[in-house]
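Participant: Before we start, here is the structure in question, set down as structure tokens.
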Amino acid sequence: MLALGQMSRGFVHDFRNVLGVISAAVRLAERHADDPLLVTDFLVGAQEGVERGLRMTTRLLNFASGHDCDIHAHNVNDALVRLEILLRYAAGSGIRIVVQLGPDVPDVEFEFPQFNAAIMNLVVNARDAMPDGGTIQISTALISRPVSRDQGPDHYVRVRVRDNGTGMDAGVRRKIFDPFFTTKAGAGTGLGIPQVDAFVRQSGGFLRIDTAIGVGTTFDLFFPCADGSADLH
Ligand code: ADP
């Protein structure tokens, strides 16, 4: 029951992100009502959001009935290409999203819907940290094990989400893994970062954060590569 309670709160948080995307797409369609091609584009975006929301409800039902944990091999580059449109809606106008997909990125294992929700969380946070606009860079790379880690697999796939927003001071940075910690009075749930962290750990990886006031914040998600799957040149 405790696990279900935590899952439900996380679900509400992710579902709100998806509703935000649908709402943005519908508003844009309304605003460009005189341009049928644009309206079609925005409605396709809204439809994608609706389908994602439906898949999320299915996942919650599966979890509640004990049929969860659907961990498979996925390619982060393919996943990001599919997600890009929704990320642009989530970021909104005034924010540029630049996606740089690294070469030779092998498949890694994770639960697909959770990957999407994690990237969406990071993009929404990056957006919130840039009230006057800015750039969100999303990049992928195959890398060797960071020197700071003396054990674990030799190679990792790294997914990086970087913004040039407000950054965090030491006090905020210390608390972001605490469930319900938020600086967004009334608007935040404080569940985004704990969820991203739980997801990456559940996938056998780890999370690294680099932040500086006035410069911005970088979130690095490291996913372990199975031995022999990485062919570094
Ligand atoms: P929420 O977004 O609902 O507040 P999160 O757990 O996602 O919850 O984030 C917790 C807090 O961490 C945020 O309220 C914010 O203060 C800080 N934070 C997260 N991501 C960023 C970011 N990219 N830039 C600056 N601060 C951030």
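Participant: So Val159 passes all but one of these: (1) within 17 Å of the chain's Cα centre (by Cα); (2) within 9 Å of the ligand (Cβ to nearest atom); (3) closer than 18 Å to Ile136 by Cβ. Which condition number does it fail?
Facilitator: It fails just one condition, (2).
For (1) more than 14 Å from the chain's Cα centre (by Cα); (2) at pLDDT 95 or above, each residue gets a yes or a no:
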position	(1), (2)
Ile143	yes, no
Pro146	yes, no
Arg149	yes, no
Asn164	yes, yes
Gly204	yes, no
Thr218	no, yes
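Participant: Turning to a different aspect of this structure: Can you tell me how many residues within the range 80-131 are within 12 Å of the ligand (Cβ to nearest atom) and basic (Lys, Arg)?
Facilitator: Of the residues in the range 80-131, 1 are within 12 Å of the ligand (Cβ to nearest atom) and basic (Lys, Arg).
Participant: Quick check, is Thr166 over 30 Å from Asp104 (Cα atoms), in contact (Cβ under 8 Å) with a residue 60 or more places away in the chain and β-branched (Val, Ile, Thr)?
Facilitator: It is false that Thr166 is over 30 Å from Asp104 (Cα atoms), in contact (Cβ under 8 Å) with a residue 60 or more places away in the chain and β-branched (Val, Ile, Thr).
Participant: Based on what the data block shows, is Pro194 within 12 Å of the ligand (Cβ to nearest atom), under 17 Å from the mean Cα position of the chain (by Cα) and not in a strand (DSSP E or B)?
Facilitator: Yes; evaluated as a whole, the condition is true for this residue.
Participant: A further question on this structure: Is it the case, given these coordinates, that Arg174 is within 18 Å of the chain's Cα centre (by Cα) and either near the ligand (Cβ under 10 Å from one of its atoms) or not polar (S, T, N, Q) (or both)?
Facilitator: No.
Participant: Let me ask something additional. Does the range 218-226 include one or more residues that are among the polar types (S, T, N, Q) and assigned to a strand (DSSP E or B)?
Facilitator: yes
Participant: At least 1 residues that are crowded, with 17+ Cβ neighbours inside 10 Å and of a type in the set (Asp, Glu) in each: list the strands (runs of 3 or more DSSP E) lying fully within the range 73-182 that qualify.
Facilitator: Strands (runs of 3 or more DSSP E) meeting the threshold: 108-111, 155-163.
The values are calculated or read from the model by the stated rules, or taken from the named source; none is laboratory data. Everything quoted here is computed from the prediction, not taken from an experiment. FYI the Cβ positions are ideal-geometry reconstructions off the backbone, even for glycines, and counts take in every protein chain you see.
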